[in-house]
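The values are calculated or read from the model by the stated rules, or taken from the named source; none is laboratory data. Please read these numbers as outputs of a predicted model, since none were measured by experiment. Every residue, glycine as well, gets a Cβ built from its backbone with ideal geometry; the counts of neighbours run over all protein chains shown. For the accessible areas, the whole protein counts, side chains as well, though only heavy atoms, and no ligand, DNA or RNA atoms are used. Shrake-Rupley method; radii C 1.70, N 1.55, O 1.52, S 1.80 Å.
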Amino acid sequence: MRWKWQQLEEKIVQLFMLLSFALILFCLLLILYTIVAKGLPSLSWAMISQTPKGGFYLGKEGGILNAIIGSLYLALGGTLIALLFAFPLALLLNIYLSQSLWADLVRLSLDILWGIPSIVYGAFGFTVMIFLGWRASLLGGILTLALLEFPIMARAMDEVIRRLPPDLPRAAYALGSTNLETAFFVVTRQILPGLATAALLAFGRGIGDAASVLFTAGYTDRIPNSLFSPAASLPLAVFFQLGTPFPEVQQRAYSAALILTIIVLGISLSSRWLAHYLDRFSIH
Amino acid sequence: MSEIIPHLETQNLNAYYGSTQALEDVSIVIPRNQITMIIGPSGCGKTTLLKCLNRFIELEENARIEGKVLLDGENIYSPSVDVTEVRKKSGLLAQRPYPLPMSIFDNVAYGIRIHRLHSRGQLHQAVQHYLQVAGLWEEVKDRLHAPASQLSIGQQQRLCLARGLAVEPEIILGDEPTSALDPISAQHIEKRLIELKQRYTIVLVSHILRQARRLADYVIFMYMGRVVEAGPAHQVFNNPQHERTRAYLSGEF
Ligand SMILES: Nc1ncnc2c1ncn2[C@@H]1O[C@H](COP(=O)(O)OP(=O)(O)OP(=O)(O)O)[C@@H](O)[C@H]1O
Ligand SMILES: [Mg+2]
């Protein structure tokens, strides 16, 4: 009797797993299908190698190189700056503040920051920029994105470091390592795959975000040539083109979405590969 | 056995975890170039005592100690002493081997690099030397750059031995260093340790009385945080002075 029940339970659980897997796969394929079907026809070499020419937004010549380059600059800059603060904070949380009330407080703040909608970051960045007398610029966008990515990265890295087996730093201390040597030569080595994943997760979030760069980086048809010139971005390219009444331009919005998806997909696949490669040396 | 030349010495050592006392008034000497075995029933404070000898006890969140630990007559807990220097002077073999997350070569090279013990040109030779001393060289010489985690547990323990020796310690501490190993690997380690006592002072914790009889030159028997009896192995094993030691040795608890 009991045996039967267990078998039945097993079957039900398996069914649910299969269903949820099918659902996820279905959604993913549907999204991919939509952007490929609608975007591929207008995806051309010109789209990715030219900036918009006159009349581009009415359906004439040009491409979205401005947005591709702009997005890469914004997300790369934002990720690097976030990294500069997120990694040391994660180390601090786990090595110097471990198990103190402060650590819990910092984690709570990060979780709250993580949950704040990106439009709020955009508005905040915009307010600060007005206060400083800055105009919409690459730098403004990068700093706002860094702010958006920072809690994601810090928290993801914090979890990676928290899962570090305590015997590992001890093995290093036993050899007469200082705290600093232990942190940088041993602990970092062990958690590098996790750190890389955390950084790329934040990068993916940053490059796909429209709301935070809307006011802070602005939009321009030119490729930014300094930190103080405005910068276009792919999510906004999708947004603006989709908002026009012309079918050709709307179709280009989908091809911009396709390009963005390919970039994000490329990043996540290469991060998987990288994590796998680096993980060879980690101790499990 | 001739007269004892102390290498390490504890004086009135007390250790506490929070409010529970784990070591009570421990005063022992650890003779130079011999194998000292700390024995006693589970929970009697063997690991705690060992951790006091390389200041690992300070890594425990709630631990506190009183008293002195003298290494060549100098108190390792005095404020002027650098903790990394203390730990460098003793190689540690943990109960489970814990390789560093790097290649076999880099595991041994790590200590040499951070303490700058050899020049770059001599590094390879030094690594080879310590792997040979630990009896691992023949098995790994063709895959020095493979991840250390690929080695078997027994090989990992010998790697940890090589890694510990590479920082040029004076003392080797081992907390049941063979208990996670298969019998052959355990024998391997035992053999190495016997060879190594020519040059190092060795302190081991053991659960296994037979192992203690095989290896020990000097024995410390502990019970409930106190040292009941300490002395040369033949004396403690063959002619214990205390009733409790006698009972433990005859397997009564
Ligand atoms: N981190 C800790 N926090 C609190 N109490 C501890 C801690 N570590 C050890 N103790 C306690 O201190 C006493 C001595 O522990 P210790 O680990 O030194 O014993 P042991 O002789 O090594 O035992 P075993 O043979 O089981 O390894 C025990 O009562 C133990 O419960
Ligand atoms: Mg123990």
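If you count the DSSP beta bridges with both ends in the protein assembly as shown, what percent of them are antiparallel, to the nearest 5? Intermediate values should be presented prior to the final figure.
On the way: 25 of 42 bridges.
In the protein assembly as shown, approximately 60 percent of DSSP beta bridges are antiparallel ones.
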Next item on the list: Using only the Cα atoms of chain A, each taken as one equal point scatterer with no solvent, compute I(q) by the Debye sum, divide by I(0), and report log10 of the ratio at q = 0.10, 0.11 Å⁻¹.
Entry: -0.68, -0.79
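Can you tell me the accessible area per residue over the protein assembly as shown, all protein chains present, probe 1.4 angstrom, in square angstrom? Could you put the intermediate results ahead of the total?
Numbers: 26870 Å² over 537 residues.
Accessible area per residue, the protein assembly as shown: 50 Å².
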Next item on the list: For residue B:167, tell me the accessible area in Å² from a 1.4 Å probe, rounded to the nearest 10.
Entry: 0 Å²
Item checked: For the pair B and A, total buried accessible area rounded to nearest 100 Å², probe 1.4 Å -> 2200 Å²
Margin query: If you average the C-alpha positions of segment B:66-133 and of segment A:74-108 separately, how far apart do those two centres end up, in angstrom?
Written below: 31 Å
Next item on the list: Straight distance only, please: which lysines reach the Cα of residue B:89 with their own Cα at less than 29 Å, same-chain residues fewer than 8 apart left out?
Entry: B:46, B:51, B:68, B:141, B:191, B:197
Next item on the list: Compute the distance in nm between two label points, each set 7 Å from the Cα along the Cα-to-Cβ direction, one at residue A:184 and one at residue B:122.
Entry: 2.5 nm
Next item on the list: Work out the FRET efficiency for residue A:250 and residue B:113 from their Cβ-Cβ distance, taking R0 = 41 Å, and round it to the nearest 0.05.
Entry: 0.10
Checklist line | residue A:108 versus residue A:280: modelled label distance in nm, points set 7 Å from Cα along the beta carbon direction | finding: 4.5 nm
Check: Averaged over peptide A:163-175, how many Cβ atoms belonging to another chain are found within 10 Å of each residue's Cβ?
Finding: 6
Checklist line | Hits among lysines - C-alpha to C-alpha of residue A:60 under 26 Å, sequence gap 8 or more where chains match | finding: A:38
Note to self: Once neighbouring chains are kept in place and the probe is 1.4 Å, which whole percent of the accessible area of chain B is contributed by carbon and sulfur?
What the structure shows: 46 percent
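Can you sort B:214, B:113, B:87 by solvent-accessible area, 1.4 Å probe, largest first? Please report the intermediate quantities before stating the final value.
Details: B:214 140, B:113 120, B:87 15 Å².
Of B:214, B:113, B:87, the descending order of accessible area is B:214, B:113, B:87.
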Notebook entry, point to check: Taking only Cα atoms, what is the 0 to 90° angle, nearest 10, from helix B:120-133's long axis to the longest principal axis of chain B?
Noted result: 50 degrees
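Give me the inter-chain shielding for B:98-109: mean count of other chain Cβ atoms within 10 Å, whole number please. Can you show the working numbers first?
Numbers: counts 10, 4, 11, 18, 7, 2, 0, 0, 3, 2, 0, 0.
Other-chain Cβ atoms within 10 Å of each residue's Cβ, averaged: 5.
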Next item on the list: Starting from the Cα of residue A:40, step 7 Å along the direction of its Cβ; do the same at residue A:273; then give the gap between the two resulting points in nm.
Entry: 2.2 nm
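Go through B:88, A:4, A:53 and list them by solvent-accessible area, largest first, probe radius 1.4 Å.
On the way: B:88 35, A:4 135, A:53 90 Å².
If we order B:88, A:4, A:53 from most to least accessible, we get A:4, A:53, B:88.
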Check: Using alpha carbons only, how many degrees (0 to 90, rounded to 10) separate the axis of helix A:101-115 from the longest principal axis of chain A?
Finding: 30 degrees
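Expressed as a whole percentage, what fraction of the accessible surface of chain A belongs to carbon and sulfur atoms when a 1.4 Å probe is rolled over the protein heavy atoms?
Details: 11430 of 15720 Å².
Answer for chain A is 73 percent, counting heavy atoms of protein chains only.
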Note to self: With a 1.4 Å probe and all protein chains kept in place, how much accessible area does residue B:47 have, in Å² rounded to the nearest 10?
What the structure shows: 50 Å²
Check: By how many degrees, between 0 and 90 and to the nearest 10, does the Cα long axis of helix A:247-278 differ from the longest principal axis of chain A?
Finding: 20 degrees
Notebook entry, point to check: Roughly how many Å² of residue B:24 are accessible to a 1.4 Å probe, to the nearest 10?
Noted result: 60 Å²
